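**Student:** Shown below is the structure under consideration.
The values are calculated or read from the model by the stated rules, or taken from the named source; none is laboratory data. Values in this document were obtained by computation on a predicted structure and should not be read as measured data. Here the Cβ positions follow ideal geometry from the backbone for every residue, glycine too, while neighbour counts run over all protein chains shown. These accessible areas exclude ligands, DNA and RNA; they are computed on the full protein's heavy atoms, side chains included. Shrake-Rupley method; radii C 1.70, N 1.55, O 1.52, S 1.80 Å.
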Amino acid sequence: MKLFLDSANIEEIKNIKELGILNGITTNPTLLAKQLLNITSDPFKESKKVLEEICKIIDVEILAEPVSTEYKKIVEESLQLLKISPKQIVAKIPLTSEGLKAVKELKQKNFKTAFTLIFSLNQALIAAMAEVDYICPFVGRLDDIGQIGTDLIKEIMQVYKLYNVKTKVIVASVRNVEHIKKSAQYGADFVTVPYKLIYEMLSHELTTKGIQKFIDDWNKVLI
Ligand code: E4P
């Protein structure tokens, strides 16, 4: 399983890039809006500037989302986003009938696409039928409504494997390390993780204690 960072924050992206473990970045209108406080011009135009900066910082795929919900406008906004870097940007579109029409058109133009806001196996099946490149099932938001979000990942991976589906699964709405462990155990292709959680993944109390003991023992030799 490979790692995406779930963030549009420049500092966070720079910091995680340095660790050499990043395979991609997911953004969404909520994450971009957090970077656009107190702006006076068109937010979509400003968000494109943020995405441009991200593309310059790191050469990985960056999932970017249009805000419109009507097919023609979804395509129009997606094309604007894809123009930033046709190689890096993947148009991430909520799974609706309008979104399906948009993905069909973008695929005909040979652009990479993703379906987001996936909450059921049926939605994941529709996405596979559309032959989209990625899907983003949201585990945390399913937990929020009393379900076990990672059960959906298990179901999707089982069925996708059964039919040798080419669409890749990026587990999203990740809130804790259990979500990440389960996603890996169920064979998810990618997980998109918020900044702080990446540090939680890589730390262990015994690693910190172990380093201190090595230093202390080493220092005892030097008199
Ligand atoms: C990423 O693609 C999603 O937009 C993101 O993981 C959503 O996370 P949230 O449910 O914590 O907002």
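**Student:** Taking the condition of being within 16 Å of the ligand (Cβ to nearest atom) and under 25 Å from Leu22 (Cβ atoms), how many residues in the stretch 60-87 meet it?
**Tutor:** So the count comes out to 9.
**Student:** Please go through (1) more than 13 Å from the ligand (Cβ to nearest atom); (2) open to solvent by less than 60 Å² (accessible area, probe 1.4 Å) for Lys45 and return the number of the only condition it doesn't satisfy.
**Tutor:** For Lys45, the exception is condition (2).
**Student:** Checking Leu32 against (1) open to solvent by 80 Å² or more (accessible area, probe 1.4 Å); (2) closer than 23 Å to Leu3 by Cα, only one condition comes out false. Which one?
**Tutor:** Result: Leu32 fails condition (1) only.
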